[in-house]
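Accompanying notes for the structure given below.
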Amino acid sequence: MKTITLTPDASGMVDWPTLSNDKKSVVTIGSFDGMHQGHQAVIRRVVELAKKEQSFSVVVLFDPRPALVHGYAAKNGGQEPPADMVDTQALTSMQERLRAIDKLGVDYTLIVHYTLAFAAKSYRFFLGQMVGKLGMRTLALGSDAAMGANRAGDVKAIENLALATGVFQLEVVDDRGPGETRVPANAQPVMPTGHGEPTDPLEGASKAERRAWSKKNQAKPVRVWSSTNVRYLLGQGRIKDADTILGHPHAVEGIVVHGEERGRTIGFPTANLSDNVAGYLPVDGVYAGWLVDLGSKTAESDHAGAASDGISQQFDSSSVDARLADHSPYRWPAAISIGTKPTFNEATGMNDRVVEAYAITDDWLDLYDHQVRVEFTGFLRPQIKFDSAQDLIDELKRNVEETKRITA
């Protein structure tokens, strides 16, 4: 897959590349945060149609997420977010999205730096650019997609434009999954209080009970297959439900750094991630999952995302895919902790939120300064303040056995 990074000028204009003078394109557009099953369905259809029509398959990928840009502008007098602002609500990093897109067989991904000036262009103008510059002959979108100034370009409007102009076709892909669910309007992460995977609070509820819950929580309807729903589930510790929507384990990535090394003293040495973690952190707690070594922290620095404006780079995810494989020697079952170490933080005075993973292996691992991936497959328990280090050790032993069972 070739990736091209594009930055609009001050007026929002993009210098779109010419992919070919003869070959046409099948295009889809979005931020694809999380790359859940709905996103995958759309992109698979793009690849399928492109092969059928002997065209390029093209993903136009927005970065940063439009929701971040517009949300920041609304709270800061119409200003753009600063370039170094961390998007704490992004489910997946750009590298994660690119790897997933590459794996689906896409020919080109065009990463467009999303700005307010770019967002102000009408959907008619934008689609005209897609046709004229990229040779778009088919546009594939999810069922509730919308684009352009004020999101005026919904599926119906785009369908009417396609029929009126005759220069491209619209392919609407059913990306909704199993219907709708409801998510509290201002949902905040809430750590479960019990052990084991949390259940759906509305499971088995009557219609009246569902209405009462929705009213109490000011819940809004969202697609089951949606990034919003995945964030909500991760914030409630419902890892298995989130992973089902994603079609793969939710994961974060970061650099292994030196921590307090307290785990080593009690027989559970952990890989501690730096503060700059890529990906959405689930709510505090202890989880079962996997630890994957992706190599030195510069391993992917030459890949996509480092491309200059208008410069095409080949994106090859094969080396990372090898490490993500089930039987990779770089992958271990892991008990994962997210939180502030309540058993020791009074003594240390350290209350920062940390991510640490205990790899279940008999081998000695030296992962300092390595890029690692932490995958989540199940919730084990909330963070607990134990009365003694021995009580913590006994609980960690139980967590290891639970992790072995879940990841077997």
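The values are calculated or read from the model by the stated rules, or taken from the named source; none is laboratory data. Note that the structure is a prediction, hence the values are computed from the model and not measured. Neighbour counts run over all protein chains shown; Cβ positions are idealised from the backbone, glycine included. We work out accessible area using only protein heavy atoms, side chains counted, and drop any ligands, DNA or RNA first. Shrake-Rupley method; radii C 1.70, N 1.55, O 1.52, S 1.80 Å.
Backbone geometry of segment 121-133 corresponds, through the Karplus equation with coefficients 6.51, -1.76 and 1.60 at θ = phi - 60°, to 3J(HN,Hα) couplings of 5, 6, 5, 5, 5, 4, 5, x, 5, 4, 5, x, 9 Hz, x marking Gly and Pro. Measuring between their Cα centroids, segment 138-202 and segment 216-253 lie 14 Å from each other. Compared with the dominant Cα axis of the chain, that is its longest principal axis, helix 389-407 is turned about 40°.
Sequence-ordered 3J(HN,Hα) estimates for segment 16-28 from the Karplus curve with 6.51, -1.76 and 1.60 and θ = phi - 60° stand at 5, x, 8, 6, 6, 7, 10, 7, 8, 9, 10, 10, 9 Hz, glycine and proline given as x.
Placing a label point 7 Å from the Cα of residue 180 along the Cα-to-Cβ line, the residues of segment 188-230 whose backbone N sits under 11 Å from it are 220-224. Distant-in-sequence amide contacts of residue 270, defined by a placed amide H-H separation under 5 Å and a gap of 5 or more residues or a different chain, comprise 263, 264.
Net charge in the neighbourhood of residue 213 (other residues with Cβ under 14 Å of its Cβ; Lys, Arg +1, Asp, Glu -1) is +4.
Between 355, 256, 155, the Gaussian network model of the chain with springs among Cα atoms under 10 angstrom shows the greatest mean-square fluctuation at 155. In this label model, residue 361 and residue 51 are separated by 3.5 nm, measuring between points 7 Å along each Cα→Cβ vector. For residue 397, a cut-off of 21 angstrom between C-alpha atoms picks up these lysines, skipping any fewer than 8 places away in its own chain: 341, 385.
Comparing 394, 144, 363 in a Gaussian network model of the chain, where Cα atoms under 10 Å apart are tied by springs, the biggest mean-square fluctuation is seen for 363. The length gained by stretching the chain between residue 276 and residue 352 to full extension, at 0.36 nm per residue less their Cα-Cα distance, is 26.1 nm. Find out how many positive minus negative residues lie around residue 126, taking Lys and Arg as positive, Asp and Glu as negative, among other residues whose Cβ is under 13 Å from that of residue 126. With Lys, Arg at +1 and Asp, Glu at -1, the net is +4. Highest mean first, the peptides 136-143, 34-41, 114-121 sorted by other C-beta atoms within 10 Å per residue fall in the order 34-41, 136-143, 114-121. A straight chain from residue 129 to residue 117 at 0.36 nm per residue would run longer than the Cα-Cα distance by 2.8 nm. Which residues does a label at residue 200 reach in segment 234-256, if reach means a backbone N under 11 Å from a point 7 Å past the Cα toward the Cβ? Flagged as within label range: 241.
Taking amide hydrogens as placed 1.01 Å from N in the peptide plane, the amide H of residue 169 sits under 5 Å from those of 138, 139, each at least 5 positions away in sequence or on another chain. Compactness ratio for segment 1-148: Cα radius of gyration over 2.2 N^0.38 Å (N = residue count) comes to 1.02. Approximating the spin labels as points 7 Å out from Cα along Cα→Cβ, the residue 395-to-residue 312 distance works out to 5.5 nm. Here the simple spin-label model places points 7 Å from the Cα toward Cβ, and for residue 321 and residue 167 these points are separated by 3.6 nm. Sequentially through segment 361-374, phi angles give Karplus couplings (6.51, -1.76, 1.60; θ = phi - 60°) of 7, 8, 7, 7, 10, 10, 10, 4, 6, 8, 7, 10, 10, 10 Hz, Gly and Pro residues having no value and appearing as x. Counting only residues at least eight positions apart within a chain, or on another chain, the lysines with an alpha carbon under 18 Å from that of residue 2 are 23, 24, 51, 103, 133.
Here residue 220 is the anchor, and the lysines within straight C-alpha reach of less than 16 Å, apart from those fewer than 8 places off in the same chain, are 207. Note that the chain presents 48 Å² accessible area per residue, ligands and nucleic acids not counted, probe 1.4 Å. If you take all other residues with their beta carbon under 14 Å from the beta carbon of residue 90, and give Lys and Arg +1 and Asp and Glu -1, the sum is -2.
Here's how it looks for residue 34: its modeled amide H is under 5 Å from those of 91, 92, which are all 5 or more places away or on a different chain. For the chain, modelled as a GNM whose springs connect Cα atoms under 10 angstrom apart, the maximal fluctuation among 147, 130, 13 occurs at 13.
Counting only Cα atoms, the chain measures 72, 54, 43 Å along its principal axes, largest extent leading.
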